[in-house]
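Participant: Let me give you the structure first, and then I'll get to my questions.
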Amino acid sequence: LLTLAIDFFKPLPTLYLSTLVHMTIEQQVSVCIACILGHIAPIYNYFKGGKGVATALACLCFMTPGIALLAVVYWLASIATTRISFVSSLLTAYSALLWTIMAGYDHAIVIGYACIAFILTMTHLPNISSSSALLSNAKSR
C-alpha cells in the first residue's frame, strides 16, 4: 500500500504546477502522459520502473475526478471478480476511456486517455503473454 500511495502522489506536484502556470488542457494532458512515462522508465533507475497504474490513477484524478472515482469503484469490482490485477487495470483503463467519450469530455482528454490505456497495455504485455500461454496450455490438456 505504501508503494501505491507513493506512486499515486508522486505526479501530483507536477500536475498542480501545470495549473499554476496556466497550461492549456492539451499541455496538461501531455504532462500527465510524461508523468506516467517517467514512472515506467525512470532515467535514474536505468529505465526500469513500475507498470504506471497508480500514476495513471493520479492523472485521472487530476483531469477528471468523477471518472477517477468511477474507475476506482470499477477496479475494485473487477478485481473482486477476476482476482487478476492486470486484467482489472486494463479493463478499468479502457472503461475510463469509454466513459470520457460518453460524457463528452474535451478531445484532448479523450486522446490522453487513449494514450494512457495504450501505455498501460504495453507495460502489461508480459502479463498478457504469460496468461495467454497458461490458457493455451490448459486448453491442450
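Participant: Taking segment 2-14 on its own, how many of its residues are surrounded by 16 or more Cβ atoms within 10 Å (Cβ to Cβ) and assigned to a helix (DSSP H, G or I)?
Facilitator: Number satisfying all stated conditions: 2.
Participant: Across segment 15-29, what is the total count of residues that are part of a helix (DSSP H, G or I) and either among the charged types (D, E, K, R) or open to solvent by 70 Å² or more (accessible area, probe 1.4 Å) (or both)?
Facilitator: Residues flagged as part of a helix (DSSP H, G or I) and either among the charged types (D, E, K, R) or open to solvent by 70 Å² or more (accessible area, probe 1.4 Å) (or both) within segment 15-29 amount to 5.
Participant: Let me ask another. Every residue in segment 21-73 that is over 19 Å from Phe118 (Cα atoms) and of a type in the set (Ser, Thr, Tyr), please.
Facilitator: Scanning segment 21-73 gives Thr24, Tyr44, Tyr46.
Participant: If a residue has to be in contact (Cβ under 8 Å) with a residue 60 or more places away in the chain and either assigned to a helix (DSSP H, G or I) or open to solvent by 50 Å² or more (accessible area, probe 1.4 Å) (or both) to count, how many in segment 31-60 make the cut?
Facilitator: Total meeting the criteria: 8.
Participant: Can I ask one more? For Leu91, are the conditions met, namely being more than 21 Å from Met23 (Cα to Cα), touching a Ser or Thr at 6+ places or on another chain (Cβ under 6 Å) and aliphatic (A, V, I, L, M)?
Facilitator: Spelling it out, Leu91 is indeed more than 21 Å from Met23 (Cα to Cα), touching a Ser or Thr at 6+ places or on another chain (Cβ under 6 Å) and aliphatic (A, V, I, L, M).
Participant: Take segment 35-75 and flag every residue that is β-branched (Val, Ile, Thr) and over 14 Å from the mean Cα position of the chain (by Cα).
Facilitator: Residues satisfying the conditions are Ile43, Val73.
Participant: Of all residues in segment 67-84 being open to solvent by 20 Å² or more (accessible area, probe 1.4 Å) and touching a residue at least 24 places away in the same chain (Cβ under 8 Å), which is farthest from Leu17 (Cα to Cα)?
Facilitator: Ile84
The values are calculated or read from the model by the stated rules, or taken from the named source; none is laboratory data. None of the values given here were measured: they were computed from a predicted structure. Reconstructed Cβ throughout: ideal geometry from the backbone, glycine too, with neighbour counts over all protein chains shown. Just the protein is used for accessible areas: all its heavy atoms, side chains included, with ligands, DNA and RNA removed. Shrake-Rupley method; radii C 1.70, N 1.55, O 1.52, S 1.80 Å.
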